[in-house]
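Since the structure comes first, as structure tokens, the remarks are kept for the end.
The values are calculated or read from the model by the stated rules, or taken from the named source; none is laboratory data. Note that the structure is a prediction, hence the values are computed from the model and not measured. So basically every Cβ, Gly included, is an ideal-geometry build from the backbone, and we count neighbours across all protein chains shown. Quick note on the areas: whole protein, heavy atoms, side chains included, nothing else; ligands and nucleic acids left out. Shrake-Rupley method; radii C 1.70, N 1.55, O 1.52, S 1.80 Å.
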Amino acid sequence: MKKWKRWTVSLLCVGVLSACQQAPEETDQVKEAPVKDRRVSLTFTGDLLFEQSLYDSWDNYAFGDYFDLIRPYLCGDIVIGNQEVPIGGEELEVSGTAYSFNAPVAIAEQLPQVGFDVLTLSNNHSYDRGYEGAVNTLENLRANDILPVGLYADETSAEQIAIVEENGIRIAILAYTYDTNIAPEDSHAFVTKTFLNEQGQLDDAHRQMLKEDVEQAQEQADVVIAAMHWGNEFTFERNAAQTQTAAYLNDLGVDIIIGNHPHCLQTMERLTNAEGKETWVFYSLGNLVSAAAMVDRASVDFANLYEMGGIVNLDVVIDGESGEVRIEHARLTPVINHFDVNYSHFQLIPLKDYTEELAAAHCQRQYSASFSKAWLEEQLHVLFDRKIRLDL
């Protein structure tokens, strides 16, 4: 970062013949002008997992009032979500089931109206509709002024860094997944980036890839964010790859890590490396959008937690004097994905506005008597007490 310089202006003697008398030297100090901090507000959400019951409940895929109650929280200068589902369009068959997903174009058309500016796309479902699905997703999002990150149509774009600029702050966004459910063909290996090897390990080759990407991002931007599709599903426990990769990204100087994939909230922490660089790590923001009760791969408790995600709002500040990055005013708003026993009347509701009466009417309640506002709040305190302000 450039800093203001202090200049000293001197009025010097000019000699007149040999009889010149030196004038007294006068020095004026031009005081350093204070350099203002630069600030940008960011919003992050959990997974946007459009499942079949949502499509079945909507009229021509129209969101209706589904997002209405959380729109005030999708308020950052830049709003970033993880799009778990390819948006390949109807020609590739819309599907929200059988772990093979594809969304209609209407989803891409409506997400900007909700408030999204950037969607990360590197996840295990990235190749559910193959290369054509990936290309269609990119085209559909760009046509609706959403920046796609982590999905690439060619090798050249895979080498480029996605950057957004707001309020004079350049923000680089990187995105990686542990793997894809369907492996891209060798000819399309560039389509998304994995950060682990076939054994699920962060090896030297993948460390080098991350290092090169982060260094390139740091050369071009003031702030670096990494979206990581990682971890084990339906658990609060972080796996070794999450812990190791978060520490390595902190060593590299990444500013913020946003995790997704576990389908439940996981904790957050602030890592500090040997140089004193701090990285804010949100290990998982859970689901924002989903549509399933009593998920068959989850325990009863984590089927309950499948219905709660988080929205993080924070300010990124660039210090006017040092150029250092700091995070201010961070808060996490828990959100309940509400729907009834008939898989209808879907609505996203901030937990602080949720009621025990609504919890009793949630579809999940017929499978678990513990699904209640009070129980969900208890889990939040276990995860986040004294770590981040909870909007409850």
Report task. Convert each backbone phi in the range 347-356 into a coupling constant with the Karplus relation 6.51 cos²θ - 1.76 cosθ + 1.60 (shift: θ = phi - 60°), then list the ³J(HN,Hα) values in order as whole Hz, x for Gly and Pro. Result -> 7, 8, 10, x, 4, 5, 9, 6, 10, 5
Report summary line: In terms of the alpha carbon gyration tensor, root eigenvalues a ≥ b ≥ c, rounded if a/c is under 1.5 and otherwise prolate when a/b exceeds b/c or oblate, the range 105-243 is rounded
Query raised in the report: If amide H atoms are built 1.01 Å from N in the plane of the peptide, which residues on other chains or at least 5 residues away come under 5 Å of the amide H of Gly231?
Result: Gln242
Query - CD proxy at 222 nm, helix term only [per DSSP H run n ≥ 4: -39500 (n - 2.57); per residue of the chain; nearest 500] - result: -6500 deg cm²/dmol
Query raised in the report: So, by mean Cβ neighbours within 10 angstrom, what's the order for 257-264, 123-130 with the highest one leading?
Result: 257-264, 123-130
Query raised in the report: Out of residues 5 or more away from Asp77 or on other chains, whose amide H comes under 5 Å of its own, with H placed 1.01 Å from N in the peptide plane?
Result: Ser41, Leu42
Query - Mean Cβ count within 10 Å, highest first, over the residues of peptides 165-174, 343-352 - result: 165-174, 343-352
Report summary line: In Å, the Kirkwood hydrodynamic radius from C-alpha pairs for the range 268-357 sits at 15.8 Å
**Report entry** Extension reserve of the Tyr131-Thr97 stretch, reckoned as 0.36 nm per residue once the Cα distance is removed
**Finding:** 10.2 nm
Query raised in the report: Between the helical axis of 204-220 and the dominant principal axis of the chain, each derived from Cα atoms, what acute angle in degrees is found, rounded to the nearest 10?
Result: 50 degrees
Query raised in the report: Roughly how many Å is it from the Cα centre of the range 352-382 to that of the range 122-145, as a whole number?
Result: 35 Å
Query raised in the report: Using Cα atoms only, what is the angle between the long axis of helix 130-142 and the major principal axis of the chain, expressed in degrees (0 to 90) to the nearest 10?
Result: 60 degrees
**Report entry** Distribution of pairwise C-alpha distances over the range 101-149, 10 Å bins, in %
**Finding:** 27, 60, 13
Query raised in the report: Which value results when the Cα radius of gyration for the range 27-169 is divided by 2.2 N^0.38 Å?
Result: 1.30
Query raised in the report: So, in the chain, how many Lys pairs have Cα atoms under 20 Å apart, if the pair is 8 or more places apart or on different chains?
Result: 12
Query - Whether the range 201-253 is rounded, prolate or oblate, judged on the alpha carbon gyration tensor where a/c under 1.5 counts as rounded - result: prolate
Report summary line: Highest mean packing first, using Cβ neighbours within 10 angstrom, the peptides 140-147, 330-337 sort as 330-337, 140-147
Query - Size-normalised alpha-carbon gyration radius of the range 162-304, reference 2.2 N^0.38 Å - result: 1.11
Query raised in the report: Taking Cα atoms, how many degrees apart are the long axis of helix 240-252 and the longest axis of the chain, rounded to 10 and kept between 0 and 90?
Result: 20 degrees
Requested in this report: Over the alpha-carbon set of the chain, divide Rg by the Kirkwood Rh and report the Rg/Rh ratio to two decimals.
Outcome: 1.11
Report summary line: Counting only protein heavy atoms and rolling a 1.4 Å probe, one gets per residue an accessible area for the range 99-232 in Å² of 41 Å²
**Report entry** Nonlocal amide H pairs with Arg389, under 5 Å, H built at 1.01 Å
**Finding:** Leu332
Query raised in the report: In the range 255-392, what percent of the accessible surface is made up of carbon and sulfur (1.4 Å probe, ligands and nucleic acids excluded)?
Result: 47 percent
Requested in this report: Using the Karplus curve 6.51 cos²θ - 1.76 cosθ + 1.60 with θ = phi - 60°, work out ³J(HN,Hα) for each residue of the range 315-322 in order, rounded to whole Hz, and write x for Gly and Pro.
Outcome: 10, 9, 10, 9, 4, x, 8, 9
Query raised in the report: Can you run phi through the Karplus equation (6.51, -1.76, 1.60; θ = phi - 60°) for the range 225-230 and list ³J(HN,Hα) in whole Hz, with x for Gly and Pro?
Result: 10, 10, 9, 10, 8, 8
Query raised in the report: Which FRET efficiency value, to the nearest 0.05, do you get for Ala361 and Glu324 by plugging their Cβ-Cβ distance into 1/(1 + (r/R0)^6) with R0 = 56 Å?
Result: 0.70
